[in-house]
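Here's the structure we're looking at; comments come further down.
The values are calculated or read from the model by the stated rules, or taken from the named source; none is laboratory data. Every value quoted in this text rests on a predicted model; they were computed, and no experiment measured them. Glycine also receives a Cβ, built like all others from the backbone with ideal geometry; neighbour counts cover every protein chain displayed.
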Amino acid sequence: ARRSASTGLGSMSRFVYGSLMAPEVLQALLGRVPDRTEATVRGYRRFAIKDRVYPALVRSRGDADGDARVRGELIRGMSRRELAVLDWFEDEAYVPTDVEVETGEGETETVTCYLWDDETLLDGEWRFDFFRESHLEAYVEMCEAFREDVRDNDLPPEEEEK
């Protein structure tokens, strides 16, 4: 089965591969944890970023990376406001880009993810388990502060228009 952002479903979804896989981070940013399912993107690699606790996703290069894949999560069913919060939250070096992901249910979908745009800062492998153990608590506190900061910004309304 195949879905596309043009169906309207993909546009309300994001593929995440780093700190946004932690439900605690989503709760801090959005005030809830949207539906999540395991997903994989092929042709990309995940890296640590120098002096940052969150990772980068970049296109793989060359034939040696022909089997490159990154496991992450597909977050579905977000409101326009929640998508705007995530878009504001991501660093300026991230570029929202449509990618094709494979879900654990055997579906392929085209959804947006945030690709890193500065390969000079890449710094080896990024590990989710290390992030959870070493940085999650402080990161969640930062996310809660961010949510407070953007609460009154010009974001779409809380509820979807009908």
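The table below gives the values:
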| item | result |
| --- | --- |
| Matching residues in the stretch 39-58 - criterion: being farther than 15 Å from TRP116 by Cβ and modelled with pLDDT of 95 or more | ALA39, THR40 |
| Residue count for the stretch 114-147, restricted to those that are surrounded by 15 or more Cβ atoms within 10 Å (Cβ to Cβ), under 14 Å from TYR44 (Cα atoms) and out of contact with any Lys or Arg (no Cβ under 6 Å at 6 or more places or on another chain) | 4 |
| Qualifying residues in the stretch 12-68 (those that are of a type in the set (Phe, Trp, Tyr) and closer than 20 Å to PHE130 by Cα) - the one surrounded by the fewest Cβ atoms within 10 Å (Cβ to Cβ) | PHE47 |
| Listing of strands (runs of 3 or more DSSP E) fully contained in the stretch 22-123 that carry 1 or more residues being of a type in the set (Val, Ile, Thr) | 35-42, 55-59, 69-76, 94-103, 108-116 |
